[in-house]
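Working notes, beginning with the structure itself.
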Amino acid sequence: MNADAVKVLQGRYCNSLTQYSRFVTREVAIGDVPMGGNNPIRIQSMTTTDTMDTIGTVEQSIRMIEAGCEYVRITAPSIKEAQNLAEIKKQLRQRGYTAPLVADIHFTPNAAEVAARIVEKVRVNPGNYADKKKFDQIDYTDAEYQGELERIYQKFSPLVKVCKEYGTAMRIGTNHGSLSDRIMSRYGDTPQGMVESAMEFMRMCEMLNYYNLVISMKSSNPQVMVQAYRLLVETMVAEGMNYPLHLGVTEAGDGEDGRIRSAVGIGTLLEDGLGDTVRVSLTEEPEAEAPVAIALVNRYVERSRKSEVRSRKSEMTHHSKHNPYEYKKRHTYEANAFIGGHMVPRVVIDLSRANLKDPAVLNDAGYLYSPLLDKYNMAEQSVDFVYLADSLPSFNFPGNLKQLYNYPTWQKLVDKTMCHPVFTLPEYIKADDRSSALNLVRLKTADIDSEEFGLLPLDKSLVFVLETDALHGMADQRSFFFKMEEMELEVPVIIKRSYFSLTPNPSPGERGLIEKVSPTGGDLEGAITDLQLFASTDLGALLVDGFGDGIWIDAPQVEAKIITSTSFGILQATRSRISKTEYISCPSCGRTLFDLMITTQMIRSRTSHLKGLKIGIMGCIVNGPGEMADADYGYVGSGTDKVTLYRGKEAVKKNISSANALDELINIIREDGNWIELQEASDF
């Protein structure tokens, strides 16, 4: 995209960049559960059973529906599976379940045309509906490219006509991992290529006067996913379209990692009012996905009621320096080799309420204390700063762990080595005793317009700690960064968000700066999950745009080790700081050729110590090589009991026995010099 186009587009992907306002889309009929318009954000998932296993698919669909799924997607890789959707639908209806069914189609137009006569919606992938991927680079002339579009139109238009006749909706679902050779040749592996892949099919639908469409832009990389959806909305609006959006991060993985990665991508878009339906793709049973999606979506129900709707025009001219369609880290100075500049974002945790008489308290911060040796070893995820407020430890800290104290307490310290003050804004202005190395000043967005802010003495020891008490905290904090850019201030910023859990009735003093994290029933596990989802949304939405030099999650009733793990998980998901092995693992479906959950855990158990490597684990070839585009190695099902191993996009061992596949993968990693033995990894 050229510079002039970017200048025109910037910021026009949502109603408001500074407060919550849902982007209203066209309403699309999907059975008796319409999507878009003023309807609630819908929840969906996908079965993992063999579609020919009618009873198994029906039973799993019921579990999904009872967990909260409003749409159930089922794969239809060939005509026989498409035909069996009729029996699955019949049995579900007989048992009283009326949730609309969605047929998932790849490669097989004839199966799509059968399914469209049966189910309420079909999903097609524009990357492989009428194209075969050979990873060829082709230099098309404009005439040749137009000829390819005409060929695709001939293959695609019969499905559109069936959908029109039967009142069937369609999702045009672009996947970053399965862009066609044609798109890759012209646009590259880019968000723009993803958008154009869908737009070509959308334009064909409109040529045929068919508008019952839903659109998605999925990627395993939340940065790419967010940029693609934003650019899609901007492109749609420019062409007079406003189709509803299906949100998802594909191949998100399992457990904490899958939840955090999903929340970073999906939550970032929900924060800007985008999204009409959500699917959280976890390498777990599909009924485990709906509660996560519901927790993400429910935050915006109350926010919708309380937020004033503002016009698009009022927002667009103020933030021209910010390009939401590409990642660029905000430029800051480096504060005395501690934070900012080209350094990765720093992690702060609060240990002020912990037992500061026992060195083992630092285990949760990633500093593993050995009483026998009286020394610390650093774990993979070791924080950079601990906030101690007004509490003083009775033991020596590791030499590289920096301590933060409230200014009055810091003043009284005899030894200030690796100890730094945290000021309020008035304290910093009036202080006659500041650190020569690092001074942290707590601010809210409104402070930047205050008289006091103008009195700040600026030098390269200064770092801001940005807090918020706004209902729409992410947008409030983002507006602070916009103002910093306008003022050309290069001060590093630590983004702080405060939450509490399991407190049914917070006192008035607790409200405002902190958000309640307390699911129904008040169970600790649910509260931790909510904290992970909310923090990943709030902080991740800023980090994916390059805002923030550090993060500080404040959740007094959650264990420090959970906060540490969540903080590093958010940085990893936003590609801001890599601290562990990353697994790009698909959520399984009826096409999967091995037990994905067991296989993922098996691979994780033997490779999780390989810090910084990315390993793709794919159940089939549909998105495998492409979705693993930025993975170092890939493990892809290629037949019954067969696996193909990849180095990047290159298949290096094809159709080997699954019994030997993990050993062979390790051998490839070892040959490349990227393998370390587990014992070496634990010697800090």
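Of the helices (runs of 4 or more DSSP H) lying entirely inside the stretch 419-492, those containing at least 1 residues that are basic (K, R), in contact (Cβ under 8 Å) with a residue 60 or more places away in the chain and crowded, with 21+ Cβ neighbours inside 10 Å span 473-486.
Restricting attention to the stretch 350-380, the residues being polar (S, T, N, Q) and closer than 16 Å to A560 by Cα number 3. Here Y145 clears all of (1) within 28 Å of Y71 (Cα to Cα); (2) over 24 Å from the mean Cα position of the chain (by Cα); (3) in a helix (DSSP H, G or I) except the condition numbered (1). Within the stretch 228-269, the residues that satisfy the criterion of being assigned to a helix (DSSP H, G or I) and among the small types (G, A, S) are A228, A238, G255, G258, S262, A263, G265, G267. Among residues of the stretch 269-286 that are at positive phi, those with a beta-carbon under 8 Å from a residue that is buried (at least 24 other Cβ atoms within 10 Å of the Cβ) and in a helix (DSSP H, G or I) at least six positions away or on a different chain give the pairs G275/I266; G275/L269. Determine, yes or no, whether S157 is buried (at least 17 other Cβ atoms within 10 Å of the Cβ), touching a helix residue (DSSP H, G or I) at 6+ places or on another chain (Cβ under 9 Å) and assigned to a helix (DSSP H, G or I). The answer is no for S157. Looking across C14, C69, one residue alone is within 28 Å of K164 (Cβ to Cβ) and assigned by TED's automatic domain parsing to the domain that holds T190. It is C69. Residues of the stretch 133-162 that are over 23 Å from G31 (Cα atoms) and either free of Cβ contacts under 8 Å to residues at least 40 places away in the same chain or among the β-branched types (V, I, T) (or both): I138, T141, D142, A143, E144, Q146, G147, E148, E150, R151, I152, Q154. Against the numbered list (1) at pLDDT 90 or above; (2) over 29 Å from E490 (Cα atoms); (3) out of contact with any strand residue (DSSP E or B) (no Cβ under 9 Å at 6 or more places or on another chain); (4) of a type in the set (S, T, N, Q), S311 comes up short only at (1). Restricting the search to the stretch 358-375, which residues are surrounded by 13 or more Cβ atoms within 10 Å (Cβ to Cβ) and not in a strand (DSSP E or B)? Scanning the stretch 358-375 gives D358, P359, A360, V361, L362, N363, D364, A365, G366. Being in contact with a helix residue (DSSP H, G or I) (Cβ under 7 Å, 6 or more places away or on another chain) and crowded, with 23+ Cβ neighbours inside 10 Å is a description that does not apply to A130. Within the set I118, I138, I152, the sole residue that is out of contact with any Pro (no Cβ under 8 Å at 6 or more places or on another chain), surrounded by 14 or more Cβ atoms within 10 Å (Cβ to Cβ) and assigned to a loop (DSSP other than H, G, I, E, B) turns out to be I118. Name the residues in the stretch 350-362 that are in contact (Cβ under 8 Å) with a residue 60 or more places away in the chain and touching a strand residue (DSSP E or B) at 6+ places or on another chain (Cβ under 6 Å), would you? If the condition is that a residue be in contact (Cβ under 8 Å) with a residue 60 or more places away in the chain and touching a strand residue (DSSP E or B) at 6+ places or on another chain (Cβ under 6 Å), then D350, L351 are the ones that fit. The set of residues in the stretch 493-512 that are more than 30 Å from H331 (Cα to Cα), crowded, with 19+ Cβ neighbours inside 10 Å and either charged (D, E, K, R) or at pLDDT 90 or above (or both) is empty. Note on the stretch 165-200: residues that are in a helix (DSSP H, G or I), modelled with pLDDT under 95 and surrounded by fewer than 19 Cβ atoms within 10 Å (Cβ to Cβ) amount to 4.
For the structure I just gave you, tell me whether A238 is surrounded by 24 or more Cβ atoms within 10 Å (Cβ to Cβ) and among the small types (G, A, S).
no
Applying the criterion of being at pLDDT 80 or above and in a helix (DSSP H, G or I) to the residues of the stretch 597-614, the residue that is surrounded by the fewest Cβ atoms within 10 Å (Cβ to Cβ) is S605. The set of residues from the stretch 271-295 being crowded, with 24+ Cβ neighbours inside 10 Å and not in a loop (DSSP other than H, G, I, E, B) comprises E271, T277, V278, P286, E289, V292, A293. Scan the stretch 450-468 for residues that are under 23 Å from D538 (Cα atoms) and touching a helix residue (DSSP H, G or I) at 6+ places or on another chain (Cβ under 9 Å) and the total you get is 4. You will find that of S394, S370, the residue that is over 34 Å from the mean Cα position of the chain (by Cα), closer than 21 Å to H609 by Cα and without any contact (Cβ under 8 Å) to a residue 40 or more places away in the chain is S370 and no other.
Those residues that are crowded, with 21+ Cβ neighbours inside 10 Å and β-branched (V, I, T), I need them from the stretch 89-115; list them, please. Listed by number, the residues that qualify are V102, I105, V114. Entry remark, the stretch 17-39: residues being within 21 Å of the chain's Cα centre (by Cα) and surrounded by fewer than 23 Cβ atoms within 10 Å (Cβ to Cβ) number 5 in total. Any residue at all in the stretch 80-103 that's modelled with pLDDT of 95 or more, of a type outside the set (V, I, T), out of contact with any strand residue (DSSP E or B) (no Cβ under 7 Å at 6 or more places or on another chain) and closer than 20 Å to V28 by Cα? No, that holds for no residue.
The values are calculated or read from the model by the stated rules, or taken from the named source; none is laboratory data. Bear in mind that the values here come from a model prediction, so they are computed numbers and not experimental data. Methodologically, a virtual Cβ is constructed for each residue, glycine included, from the backbone with ideal geometry; neighbour enumeration extends over all protein chains shown.
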